[in-house]
Amino acid sequence: MKRKLLVNTFLFSLLLECMAVVLFFVLPKQNISPALLFLVPLFLATSLLANLFLLSSNPDKPYKFIRSFMLSTFLKFMFYIVVLVAYVMLFRSDAVNFIISFFILFVLYLIFDVVFLLNNKTENNNVVK
């Protein structure tokens, strides 16, 4: 399961990074944040760490999984807020483009993580039955 997580997350991130590179060179420079190319690896690392933490929790005890899920979601969210605020404070001229890029990647990775975890839960339930 962890191998599947690694492969899927890397493929998803590779696709997003390729799209980011294309957008970076196609769109006018004032419409795209130069940090976009570095946001995908940031989201990749954060997503991998959080999902590996969740997959290591005991699937037989749902309350532990729920606690782990809430903790990882809270920590990811706090980390994202710190990164967002720090970048906006340091590079005010790029704030709007960075926030838009950050939000789009946040939503894409959120959808990816939820779909992966739901598929993982479904597979675990089918194995148990």
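What's the local net charge at Thr73, with K and R +1, D and E -1, over the other residues with C-beta under 12 Å away?
Neighbour charge sum, excluding Thr73 itself: +1.
Rounded to the nearest Å, what's the spacing between the alpha carbon centres of segment 63-99 and segment 1-40? Just the number, please.
Between the Cα centres of segment 63-99 and segment 1-40 lies a distance of 18 Å.
Enter the angle in degrees (range 0 to 90, nearest 10) between the Cα long axis of helix 2-26 and the first principal axis of the Cα atoms of the chain, meaning the one along which they spread out most.
For helix 2-26, the angle is close to 10 degrees.
Please determine, in degrees from 0 to 90 and to the nearest 10, the orientation of helix 62-90 with respect to the longest principal axis defined by the Cα atoms of the chain, where the helix direction is its Cα long axis.
Tilt relative to the chain: about 10 degrees.
With a Förster radius of 30 Å, plug the Cβ-Cβ distance of Leu23 and Leu71 into 1/(1 + (r/R0)^6) and report the FRET value to the nearest 0.05.
For R0 = 30 Å, the calculated efficiency reads 0.35.
Can you work out the FRET efficiency for the pair Asn31 and Lys64, with r the C-beta to C-beta distance and R0 = 41 Å, to the nearest 0.05?
E between Asn31 and Lys64, to the nearest 0.05, is 0.35.
I'd like to know which of Phe112, Leu23, Leu37 lies farthest towards the positive end of the charge dipole of the chain, counting +1 on Cβ of Lys and Arg and -1 on Cβ of Asp and Glu.
Phe112
Once you put a point 7 Å from the Cα of Phe106 and another 7 Å from the Cα of Leu42, both along the Cβ direction, what distance in nm separates them?
1.1
Could you give the length gained on full extension between Leu11 and Ile99, defined as 0.36 nm per residue of separation minus the Cα-Cα distance, in nm?
Once the chain is fully extended between Leu11 and Ile99, it gains 29.3 nm.
Highest GNM mean-square fluctuation, the chain, Cα pairs closer than 10 Å: which of Leu36, Leu48, Leu90?
It is Leu90.
Find out how many positive minus negative residues lie around Phe53, taking Lys and Arg as positive, Asp and Glu as negative, among other residues whose Cβ is under 14 Å from that of Phe53.
+3
Counting only helical runs of four or more DSSP H residues, what would the 222 nm mean residue ellipticity of the chain come to if each run contributes -39,500 (n - 2.57) and the total is spread over all its residues?
Per the formula, -30000 deg cm²/dmol.
For the chain, compute Rg over Rh where Rg is the Cα radius of gyration and Rh is the Kirkwood radius from the inverse mean 1/r over Cα pairs.
On the Cα set of the chain, Rg over Rh gives 1.04.
Values quoted throughout were computed directly from the atomic coordinates according to the rules given, and no laboratory measurement underlies them. Remember, predicted model here, so these are calculated numbers, not experimental data. Positions of Cβ are backbone-derived with ideal geometry, glycine not excepted, and every protein chain shown enters the neighbour counts.
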